Structures are given as structure tokens and as C-alpha cells.
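Data first, discussion second: the structure below is written as C-alpha cells.
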């Protein structure tokens, strides 16, 4: 993802070199209401040691409001876990970024630097801010050579989170959109799906939950769901039915969870398999797994 001048090119090159040859990393998933994190070294995740709720109004719609308090908390947690010298890979709260699937308009292949090309082209994306005022992340969609997943985040939000990590005394190496991390973590599950397959990814949360629908591996629909289990299941069913009416040619339904949830059976009809927890090994969530993936570029 693009970053502000607070982290200069020299720092990024130096930290990337250190991360390759002497990696001590920590993965942190930022949410409006919580923090989740774990160490990561030698391509293996450590135990989830950070799983901390945040007081209301600490962070709202992806924007940190209590910067000093958040910085102190993150710094204290890193010191506690002996990770204060680790390089931090963090995912933005999902509310911080908006995503769009971009179909490259030219008959030519997608350029080597699609970010610069998109900024120059400045296509109408129906965002509430201009591309000039946003940090952008662009990821290719496997199997679709002309399609890109674009995640846009206001620069003010990115710079605020950079300030939080600076106040924490942490060494921020990567700040990535949650959407890019989610798809990177889910990539192994999507590799062999038919393009017509409907996929639902549910991210359960304490205050609200999120639903992402994909057709094959292409995002097509996103919605905030209630967190009360029965209400979530009812709204989930309505969203799936709504999308099927818009796209009756989609087939089946595969349901994945972004993290463990005790009420998974509510999301599938009786007699069907329960949703798959799509993360692997000891990752605390699908976003943390994707954050560690080489598919999410620094």
C-alpha cells in the first residue's frame, strides 16, 4: 500500500532487508473495537498473544481518535511480549478502506505500475474522496488478467495510524487494507473454484460483523451484519437471497469464517456442512494470515 512521507524510501528498503535476513515480525489486526496480534518469524506464526478489546470511541469508522492512548496501549503490549524491536505488519480496520473491482479499460495489458497508471487515468470510482486524497492498494485478481482489486483509504486515516505506531515506539513496516489481507488469506481456498461459484466470507465481531460475497474469487457485495447470532443469520440469508436475485446464474454457496465462531451452524441449511474456518495453522484470523502472505506487498 502507498504510504505517507512519514516513512521514507530509505527506511522501507532497510526494513525490508532486515525482514528478509533477520526477521522478527509482529502481525497486528486493527479493528474499531479490538486489537489482535501475534509474532511471526521464519515463515511460522507464533501464538496469539494480543487479543484486546478497545473502549468505545477509541477508534471510529477506521479512524483512531485517541492516538496517545492507542499508542501507549500498543507499545505496552509489544514491550510485554518482548516485541518492541520487531517490525510491525498491521492491517487497517475494514471500515477505513473502500474497495472497487477495476476492469482495465485498455486493450493493452495492465501496466507494470498499475497504481501510477490508475492515478493518471483517474477513473470514476464513486468514492467519497478523490484519488489524490487517498492511499491506494492494488492487487491482481488471479485468473482475471484485466481485473484488479483496488482498496482506497483516506490519507488522513493512514497518517493517523502511522502516528499511533510512532507514539507506540514501534517500527511500522506495512500498513495494509483489511480487504487485501482477507483475500490473500483466502486465496488457497479460492484457487480451484468455478467462476460461477458463490462464496460468502463472514467476519464475526463483538459489536458488528461483516459479510463479503464473491463470485468465484471476485468480490461482488459487502454488508455490515448484526452480531447477535440469530439476527446475523437472518440478515445473512437475506443478503444471499438478494444477490441471487441480482445474479441468478451464480451456483452453489460456500461459506467461510474469518475467525472461529461458536454459532457457525446457523449460517448453513440443516444437513449441510458447517462453514470452514478458512485460516490455517496458528493464525488468529484470516486477516492475520493474509497479512503475512507474500500476496500482500509491503
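The values are calculated or read from the model by the stated rules, or taken from the named source; none is laboratory data. Quick caveat, the model's predicted, so the values are computed rather than measured. Here the Cβ is made from the backbone with ideal geometry for all residues, glycine too, and neighbour counts use every protein chain on show.
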Just to check your reading of the model, which residue among 113, 32 is in contact with a strand residue (DSSP E or B) (Cβ under 6 Å, 6 or more places away or on another chain) and modelled with pLDDT under 95? 32
Those residues that are over 17 Å from the mean Cα position of the chain (by Cα), under 25 Å from residue 296 (Cα atoms) and either without any contact (Cβ under 8 Å) to a residue 60 or more places away in the chain or surrounded by fewer than 18 Cβ atoms within 10 Å (Cβ to Cβ) (or both), I need them from the stretch 52-74; list them, please. 52
Top-ranked residue in the stretch 81-133 [being part of a helix (DSSP H, G or I) and free of Cβ contacts under 8 Å to residues at least 24 places away in the same chain; ranked as nearest to residue 156 (Cα to Cα)]: 133
For the list (1) under 20 Å from the mean Cα position of the chain (by Cα); (2) within 16 Å of residue 36 (Cβ to Cβ); (3) touching a residue at least 60 places away in the same chain (Cβ under 8 Å), I need the number of the one condition that residue 49 fails. (3)
Tally up the residues in the stretch 149-170 that are surrounded by fewer than 21 Cβ atoms within 10 Å (Cβ to Cβ) and at pLDDT below 95, please. 0
Is at least one residue of the stretch 4-24 in contact with a strand residue (DSSP E or B) (Cβ under 7 Å, 6 or more places away or on another chain), part of a strand (DSSP E or B) and at pLDDT below 95? no
Out of (1) more than 22 Å from the chain's Cα centre (by Cα); (2) modelled with pLDDT of 95 or more, the one residue 78 does not meet is (1)
Taking residue 183 as the residue in question, decide whether it is closer than 20 Å to residue 71 by Cα and either crowded, with 22+ Cβ neighbours inside 10 Å or touching a residue at least 24 places away in the same chain (Cβ under 8 Å) (or both). no
I'd like to check something: does the stretch 219-241 contain any residue that is at pLDDT below 90, part of a strand (DSSP E or B), under 22 Å from the mean Cα position of the chain (by Cα) and closer than 26 Å to residue 144 by Cβ? no
Has the stretch 123-145 got any residue that is out of contact with any strand residue (DSSP E or B) (no Cβ under 6 Å at 6 or more places or on another chain), crowded, with 21+ Cβ neighbours inside 10 Å and within 30 Å of residue 169 (Cβ to Cβ)? no
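Residue by residue, here is whether (1) surrounded by fewer than 17 Cβ atoms within 10 Å (Cβ to Cβ); (2) assigned to a loop (DSSP other than H, G, I, E, B) holds:
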{"site": "249", "(1), (2)": "yes, yes"}
{"site": "254", "(1), (2)": "no, no"}
{"site": "262", "(1), (2)": "yes, yes"}
{"site": "270", "(1), (2)": "yes, yes"}
{"site": "281", "(1), (2)": "yes, yes"}
{"site": "284", "(1), (2)": "no, yes"}
{"site": "288", "(1), (2)": "no, no"}
